[in-house]
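My questions will all concern the structure given below.
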Amino acid sequence: MRAPTPSLFDQSALLDRAERLVKAARAAGADAADAVALRSLLISIEVRDGAVEESESAESDDFGLRVLVGKRQAVVSSNDIAGDVATFAQRAVAMAKAAPEDKFAGLADDGLLAHDFPDLDLTDNTLPNVALLEAMALAAEAAGLAVKGVAKSGGASASAAVGGMVLVTSNGFRGAYLGSSHGLSMTAIAGEGTSMERDYDYSSVRHAADLDSADTIGRSAGMRAVERVNPRKVSTRKVPVVFDRRVAGSLVAHLASAANGTSIARKTSFLRDKMGQKLFADGIRSVDDPLRKRGLRSRPFDGEGVAGKKLALIEDGVLRAWLLDCATARELNLATTGHAQRGASSTPSPGPTNLHMDAGSLSPDELIADIKDGFCITDLIGMGVNMVTGDYSRGASGFWIENGKRTFPVSQVTIAGNLLDMFRAITPANDLEFRYATNAPTLRLEGLTVAGQ
């Protein structure tokens, strides 16, 4: 490990530049303005067959300036504003004057801005060097290859990154946050000839101390691949379907996409008229929490400076909230939920942070104990989801369930249904873990169509 470069974690210079941009924009004729500075550093190593295949190191600071002239707005961006910020700001104002009016555009109201920034423990105080990352990736690959039945490596990778945001607005907000991330993954290939199967495992965390070991990652990837060898096909039928914890979060992600304020305002979501309605069974709760300690998407304020807070999208099975930024909230005659996301070259738009569905009371084994004939999904393929209608169709692989037990591997099937029907049929297990940005326990759904041979 090595101590981080002090300047990397010092955002004072970025704050000063963002303030200069905002002042220059006001001087150039903007009625309001905000500026963001996005810092990123990435070090990554990919290995295959015991040798380094790719090594990457990148570091950048990107700046974005949004200006508003009346209800017209424009965004300009650059990775270098050390020169004439006045010219940069003048160009943004000229663009805004030529833009069409947007009656919902504007900065966040003063009363919504964050003033206290909680310590979310997002930043590691050390970063690995390239040699350590290489050793970790090689160890994960070796552990995967050591699993009986693994034929070859699909590669392993290790990475470390630092990223953060500075935001300054013309109505007085000034804030910054930074976070680190560490990742390790391995892909294993089992079988032989035309009957080879691959699978993977990975770990992604804020602090290196929380990372799964290379041995754990490699062995898990290898065992998953071996389990998938010699899959069978099944005939088309309607059966109970179980989403393994690794893929169950995808259903929660679809919920968040449908509850996105932009989709609601544009009337392109199947949830557009479902506010206050029962979508899930009693007791089911789905929460977005930007303030989770060490969360992969945690942040003390959103892309407009609005304070972060926990938000229940689903409470006791009922849809209770959309994910909103200021513009979509104004369009829907609601208040922002503090979910604005921001890039250097884009206006704010709503999106989730740390999203999860609460655990249920049954263990995964108890959840499938009464299934005589069913399908446990461990991998999903493709993105066949229509967010306007809720129609769902995706390729899947996993294991067939017979008499309450996982039996043989299954591949080349399609699962189909409608998300509204699927949501109503969900029963969660008690095995929730916060491993990803979007998390769910093992989920059981009744009566989904499995299309096979």
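Scanning for something of a type in the set (D, E, K, R), in contact (Cβ under 8 Å) with a residue 60 or more places away in the chain, open to solvent by 40 Å² or more (accessible area, probe 1.4 Å) and at positive phi, does region 95-118 turn up at least one residue?
no
Which of the residues that make up region 412-424 are open to solvent by 20 Å² or more (accessible area, probe 1.4 Å) and either outside any helix (DSSP H, G or I) or touching a Pro at 6+ places or on another chain (Cβ under 6 Å) (or both)?
Within region 412-424, Q412, T414, A416, G417, N418 qualify.
Restricting the search to region 15-43, which residues are in a helix (DSSP H, G or I) and among the small types (G, A, S)?
A18, A24, A25, A27
Here's something else I'd like to know. Exactly one of (1) touching a residue at least 24 places away in the same chain (Cβ under 8 Å); (2) assigned to a strand (DSSP E or B); (3) open to solvent by 70 Å² or more (accessible area, probe 1.4 Å) is unmet by Q90. Its number?
Exception for Q90: condition (2).
Let me ask something additional. So, in region 23-39, exactly how many residues are within 18 Å of K71 (Cα to Cα), within 31 Å of the chain's Cα centre (by Cα) and not aliphatic (A, V, I, L, M)?
So the count comes out to 1.
Name the residues in region 323-334 that are in contact (Cβ under 8 Å) with a residue 12 or more places away in the chain and open to solvent by 20 Å² or more (accessible area, probe 1.4 Å), would you?
Residues satisfying the conditions are A327, R330, E331, L332, L334.
Here's something else I'd like to know. Using the structure shown, decide if L313 is touching a helix residue (DSSP H, G or I) at 6+ places or on another chain (Cβ under 8 Å) and closer than 23 Å to D121 by Cα.
Criteria not met by L313.
Looking only at region 296-310, count how many residues are at pLDDT 95 or above and either among the aromatic types (F, W, Y) or crowded, with 22+ Cβ neighbours inside 10 Å (or both).
Count: 8.
Does D62 qualify as being open to solvent by 20 Å² or more (accessible area, probe 1.4 Å), of a type in the set (D, E) and farther than 30 Å from A188 by Cβ?
yes
Could you check K71 against (1) in contact (Cβ under 8 Å) with a residue 40 or more places away in the chain; (2) under 17 Å from T347 (Cβ atoms) and say which number it fails?
Result: K71 passes all but (1).
Here's something else I'd like to know. What is the one condition in (1) open to solvent by 50 Å² or more (accessible area, probe 1.4 Å); (2) under 21 Å from the mean Cα position of the chain (by Cα) that A151 does not satisfy?
It is condition (2) that A151 fails.
Take the conditions open to solvent by less than 60 Å² (accessible area, probe 1.4 Å), within 23 Å of L255 (Cα to Cα), without any contact (Cβ under 8 Å) to a residue 24 or more places away in the chain and in a strand (DSSP E or B) and apply them to R394. Does it pass?
Yes.
For region 79-109, which positions are within 29 Å of the chain's Cα centre (by Cα) and farther than 19 Å from G64 by Cβ?
Residues satisfying the conditions are F104, D109.
Would you mention how many residues in region 135-160 are hydrophobic (A, V, I, L, M, F, W, C), under 15 Å from G183 (Cβ atoms) and in a strand (DSSP E or B)?
Within region 135-160, residues that are hydrophobic (A, V, I, L, M, F, W, C), under 15 Å from G183 (Cβ atoms) and in a strand (DSSP E or B) number 3.
Among the residues of region 238-256, are any open to solvent by 50 Å² or more (accessible area, probe 1.4 Å), in a helix (DSSP H, G or I) and either touching a helix residue (DSSP H, G or I) at 6+ places or on another chain (Cβ under 6 Å) or without any contact (Cβ under 8 Å) to a residue 40 or more places away in the chain (or both)?
Within region 238-256, not a single residue is open to solvent by 50 Å² or more (accessible area, probe 1.4 Å), in a helix (DSSP H, G or I) and either touching a helix residue (DSSP H, G or I) at 6+ places or on another chain (Cβ under 6 Å) or without any contact (Cβ under 8 Å) to a residue 40 or more places away in the chain (or both).
Okay, next question. Just to be sure I understand, how many residues within region 425-443 are of a type outside the set (S, T, Y) and open to solvent by 30 Å² or more (accessible area, probe 1.4 Å)?
The number of residues fulfilling the criteria is 5.
Taking only pairs six or more apart or across chains, which ones have beta-carbon atoms under 6 Å, a first residue in region 50-63 that is among the acidic types (D, E), and a second residue that is at pLDDT below 95 and loosely packed, with under 11 Cβ neighbours inside 10 Å?
If the second residue must be at pLDDT below 95 and loosely packed, with under 11 Cβ neighbours inside 10 Å, the pairs left are D62/N79.
Which is under 18 Å from L38 (Cβ atoms) and β-branched (V, I, T), of V75, V93?
V75
May I pose another question? Which residue pairs have Cβ atoms closer than 6 Å, lie 6 or more positions apart in sequence or on different chains, and pair a first residue in region 201-217 that is more than 10 Å from S181 (Cα to Cα) with a second residue that is open to solvent by less than 40 Å² (accessible area, probe 1.4 Å) and in a loop (DSSP other than H, G, I, E, B)?
S203/L211
Let me ask another. When only residues in region 184-228 that are at pLDDT 95 or above and among the β-branched types (V, I, T) count, which is least open to solvent (accessible area, probe 1.4 Å)?
Filtering region 184-228 for residues that are at pLDDT 95 or above and among the β-branched types (V, I, T), the one least open to solvent (accessible area, probe 1.4 Å) comes out as I217.
Here's a check for you: in region 403-437, which residue that is within 24 Å of the chain's Cα centre (by Cα) and polar (S, T, N, Q) is farthest from L279 (Cα to Cα)?
Among residues in region 403-437 that are within 24 Å of the chain's Cα centre (by Cα) and polar (S, T, N, Q), the one farthest from L279 (Cα to Cα) is N430.
Among the residues of region 241-280, write down those that are over 20 Å from the mean Cα position of the chain (by Cα) and among the charged types (D, E, K, R).
Passing the criteria: R266, K267, R272, D273, K274, K278.
The values are calculated or read from the model by the stated rules, or taken from the named source; none is laboratory data. Being a predicted model, the structure only gives us computed values, none of them experimental. Here Cβ is always computed from backbone atoms with ideal geometry, including for glycine, and neighbour counts include all displayed protein chains. Ligands, DNA and RNA are excluded from the accessible area calculation, which covers all protein heavy atoms including side chains. Shrake-Rupley method; radii C 1.70, N 1.55, O 1.52, S 1.80 Å.
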